[in-house]
Structure formats: structure tokens, C-alpha cells
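*Asks:* Here's a structure for you.
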Amino acid sequence: MTGSMVAEIGEERVAGGGLLHRRALLRWSATGAAGLMAGEASAQFASPASTLEIGAPLSPLGVRGAAAERIRRIVPDLPFPGTGSSRTPLQLLEGTITPNDVHFERHHNGIPAIEARTHELLLHGLVQRPLVFRYEDLLRYPRESRLLFIECSGNSRALSAAQPVQASAGELNGLLSCAEWTGIRLSTLLDEAGVLPGARWVEAEGADAAAMARSIPLSICRDDAMIALFQNGEPLRPAQGYPMRLLLPGIEGNASIKWLHQLKVSAEPAFFRDETAKYTDLRPDGKAEMFSLRMGVKSIILNPSFGLDLSRRGYHEISGLAWSGRGCVRAVEVSADGGASWAEAALGTALPKALTRFRMPWQWNGGPAVLLSRATDDTGAVQPMRALWLAKYGTGQGYHGNAVQSWAIDAAGRVAHVYV
């Protein structure tokens, strides 16, 4: 970056720590990149060696390029085969769509091998007409496609640790992914079955060895829930619930039952193990709240973050993701001075219950800095600071973590996870 450009952008500082006005993103791309090309263009500009030989032939399945080889799921050592989770390497991705092969996984007893031609979905209980659907039956119904995030309610639970865990953004927050899901509205099937008066809940059960089951309020099922059959244009992969899964936009991921085979309409919740002994919120009085299903407003800075240190002082872009289970992200504020001052970041396209990319231009002077981001959604909910989030719950709370996360940068450009 030229000295004159630094001076020009420097006049547009909007908060402490070197945060710049969002217009700097456009000025840098226009002046920095275009100016560099104009200055280096010459008659001696050589053609790439790749233009001198025939390239690789067509293949039936695309392969990753060398630049994407390091983009792999984060898989911890697991004590029991088939039980555990792998995380999306969020800090290595751009945009908002998660490729299918790095979408996070959470399994309670392995991935079942299911054939679509024999799999059946039973819809029964408090309905006029119990119905059974096969995969080929569902393909005949009108479908819709939506960009939606799925987040495990145990995501970011490391932020409740006594000391900051030094790990990448994906290791800390990677039980989160966003994809284009295609399927049938659950309300369409409920209407066809004819829900009886007195029905208030739907019990959903999967066909895995854990027989994973959850109770879902009927209001959520009638809202925007879907039976998903496709993910990012292809049939669901086995790890994501093939041949069909329940998908509940904005609701904790555990309730979006994979390998769905039964929906029972009922008057009361079933109080399954994973909504009583687990996936509940501990209160300071020792009691636990159940069925707090919707995920809160949240954001995380992905670059810079732990493992992505700064190599030089000067202009940088702070980038990350924001989302809310209640609707759209309305704003994301960024701080570079530990929360003493804030400035609004530029947002990408904000869709309901989908990930939104935010970007903030930043002039790093080479000194210590602490970066934070906090999101606000269109209901007015604001992402809480960590101390406020901890005060809301009892000791040991590990679910629905949406507290502000902080990264500290030292004079050498090294990034560490810290608490503010």
C-alpha cells in the first residue's frame, strides 16, 4: 500500500485500534490492486508455462486443487467408534457455503447404512390418516431450496472453560455449517395427514443405532421445517442423514433428526434422553431449562485468528461469520481495542437463519490489539459479552454458547485466544 493511500484511508478511522470506514474495502481493491497491475504491465510480460502444453483430461468426479488440500474436517481422537463429532475448518473457508465434504458431523452411535428403496417414514399419532412415505414418494412432492445453517447446541462450549483454550476458530466453533438444503415442507405432509385437535408436539426419531429422538413443538414443525433430501445440489450423504432428515431452521442441530423414519404427532413432549439428561440449560439455582431449542445471535472473527498470524503491519481485513436462529443478521460491530470502541462492519447478503459474512478494514500499527465482534439480529437481540453469558447460567453449562469471542495480537503478529 502506498504512503498516499495510507494517508487517505487513515482519515476515515471509525474506532480505536485502527479500524477504518467500510469504504476502505472498495478503495483498497480499486487503488491497490488496479494500480499494481498498471505499474507492472510491460511488453515483456511472459505467458504462463501452462499455455504451452495440453492440460489434464475430463474426469467423472471433480478433484480438489492443491490450494484446497489443507481444507479438511477437524477430527479429534475418539474413545468410542462412531460416537463424537468432527468440525468444519471455518477459518480456511471463504463466503458462507460449507462444501459437503467438510460439513461438520455429530454422531451418537455411528453412521447407518440405509438403502433408499427400503427406507420408510411413518407419520402417525394424533392425525386423521396415518401415512407412510418412501423416498420415491417424497420425490413427487413440490420441493424448495433454502440456504440454512446448522449449529450443534454444544458448539463453542470451550468458551466456558476457566482459561482460554488455544485452538483455531474451527476447533472452537466448527460445529457449525451452512448449505443449500432442498426438500419438502413438513407442513405439507402434516396437512395431508390431517392433524387432530389437541396436538401440540411432534416426536421425531432416526433410524441410527442410537435411535436418536427429539420432541419438537408443532408450531416449529408448521413454520419452516422441512424433510431434506438434498444438500448443495446432491442427495444427502450418509453422514448427513441419507436418504432423508428433518431440518429445523434456526433450531439446535441435535433436533434436526438424521435418517428420519418416524414422526409421531402428540399432545405432550416425550421427554427423551437427549432433551432431559442432555441438551438442557443449567440455571444458577441448580435447575435446568428444557426445550430452549432456538440458537441465539452470534458472530466469530475468522481472520485473523489463532493459527493465522499477521506477517506485516499495515492494512488488513478482519473477516468472519454471523448468524441467528431468530432470523436475519442486522448488524455486526467490530472492536480492535478490547471493546473500548466499536465500528460497524460491512455485511454480505443477509438471509434468514443462514450464515452472513462480515468484513472490516483495519490498519494495524504493529502494536498489541484485541479483536472482538458482536452481532445484532432483526429482532433486536444482541450477542452478549462472555461475563454476561456466564452469569445467566449455572456452573458447567455447555450448550447454547453465543458469547463474544476475543483474539489478542501481540507485537510480533501472533494471535491468541483471550477473555475480555
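The values are calculated or read from the model by the stated rules, or taken from the named source; none is laboratory data. Computed from a prediction, not measured in an experiment: that's the story for all the values here. FYI the Cβ positions are ideal-geometry reconstructions off the backbone, even for glycines, and counts take in every protein chain you see. Please note that ligands, DNA and RNA were not included when accessible areas were found on the heavy atoms of the full protein model with its side chains. Shrake-Rupley method; radii C 1.70, N 1.55, O 1.52, S 1.80 Å.
*Asks:* Measure off 7 Å from each Cα along the Cα-to-Cβ vector at A239 and A210, then give the distance between these two points in nanometres to one decimal.
*Replies:* 1.5 nm
*Asks:* With only alpha-carbon atoms counted, please give the Rg and Dmax of the chain, in Å.
*Replies:* Radius of gyration, then largest Cα-Cα span, for the chain: 23.9, 80 Å.
*Asks:* Separate question: For T188 and E317, what is the calculated FRET efficiency with R₀ set at 60 Å and r taken between the beta-carbons, to the nearest 0.05?
*Replies:* Using R0 = 60 Å, I get an efficiency of 0.90.
*Asks:* Scan the stretch 268-305 for trypsin sites (Lys or Arg not before Pro) in coil per DSSP, keeping those whose Cβ has at most 16 other Cβ atoms within 10 Å, and list them by number.
*Replies:* Here the trypsin sites (Lys or Arg not before Pro) that fit, given the DSSP loop and packing criteria, are K278, K287.
*Asks:* Which residues make up the longest stretch of the chain clear of chymotrypsin sites (Phe, Trp or Tyr not before Pro) that lie in a DSSP loop with no more than 12 other Cβ atoms within 10 Å, not counting the sites?
*Replies:* Result, exposed sites excluded: 46-270.
*Asks:* Continuing with this model, one more query. Per the helix-only calculation at 222 nm, which mean residue ellipticity applies to the chain, given -39500 (n - 2.57) for every DSSP H run of n ≥ 4 and division by its residues, nearest 500 deg cm²/dmol?
*Replies:* Value at 222 nm, helices only, nearest 500: -3000 deg cm²/dmol.
*Asks:* Provide the solvent-accessible area of I111, counting protein heavy atoms only and rolling a 1.4 Å probe, rounded to the nearest 10 Å².
*Replies:* 80 Å²
*Asks:* Can you list the trypsin sites (Lys or Arg not before Pro) in the stretch 325-420 that are in a DSSP coil and have 14 or fewer other beta carbons within 10 angstrom?
*Replies:* Here the sparse-neighbourhood loop sites are R414.
*Asks:* Please return the longest range in the chain lying between exposed loop sites, taking GluC sites (Glu not before Pro), DSSP loop only, at most 15 other beta-carbon atoms within 10 Å, and leaving the sites out.
*Replies:* 116-420
*Asks:* For the stretch 317-381 and the stretch 45-92, what is the separation of their C-alpha centers, rounded to whole Å?
*Replies:* Here the answer is 28 Å between Cα centres.
*Asks:* Turning to a different aspect of this structure: Once label points are set 7 Å from the Cα along Cα→Cβ at both L139 and E268, what is their separation, rounded to one decimal in nm?
*Replies:* 4.2 nm
*Asks:* Using a 1.4 angstrom probe on the protein heavy atoms only, line up V132, V195, V332 by accessible area, largest first.
*Replies:* If we order V132, V195, V332 from most to least accessible, we get V132, V195, V332.
*Asks:* Quick check: with the 1.4 Å probe, what order do H21, H417 take by accessible area, largest first?
*Replies:* H21, H417
*Asks:* Arrange the residues T349, T395, T98, T118 by how much accessible surface each exposes, largest first, with a 1.4 angstrom probe.
*Replies:* Output order, biggest surface exposure first: T395, T349, T118, T98.
*Asks:* Of all beta bridges DSSP finds with both residues in the chain, what is the antiparallel percent, to the nearest 5?
*Replies:* Roughly 95 percent of the DSSP beta bridges within the chain come out antiparallel.
*Asks:* Additional query: Heavy-atom accessible area of S50 with all protein chains present, probe 1.4 Å, nearest 10 Å²?
*Replies:* For S50, solvent-accessible area is about 90 Å².
*Asks:* A further question follows. Treating only the Cβ atoms of Lys and Arg (+1) and Asp and Glu (-1) as charged, compute the dipole magnitude of the stretch 305-344 about its Cα centre; round to the nearest 20 debye.
*Replies:* With only Lys, Arg, Asp and Glu charged at Cβ, the dipole is about 100 debye.
*Asks:* OK, next. Determine the alpha carbon to alpha carbon distance for each of K264/K298; K264/K392; K278/K298; K258/K287 and list only those over 26 Å.
*Replies:* The answer is K264/K298; K264/K392; K258/K287.
*Asks:* Right, another one. Any idea of L138's accessible area? Nearest 10 Å², probe 1.4 Å.
*Replies:* Rounded to the nearest 10, the figure is 0 Å².
*Asks:* Would you mind computing, in nm to one decimal, how far apart the modelled labels at R200 and I97 are, each placed 7 Å from Cα along Cα→Cβ?
*Replies:* Simple spin-label model gives 4.2 nm for this pair.
*Asks:* Now a separate question. Relative contact order, percent, of the chain when contacts are C-alpha pairs under 8 Å separated by at least 6 residues?
*Replies:* Result for the chain is 17 percent.
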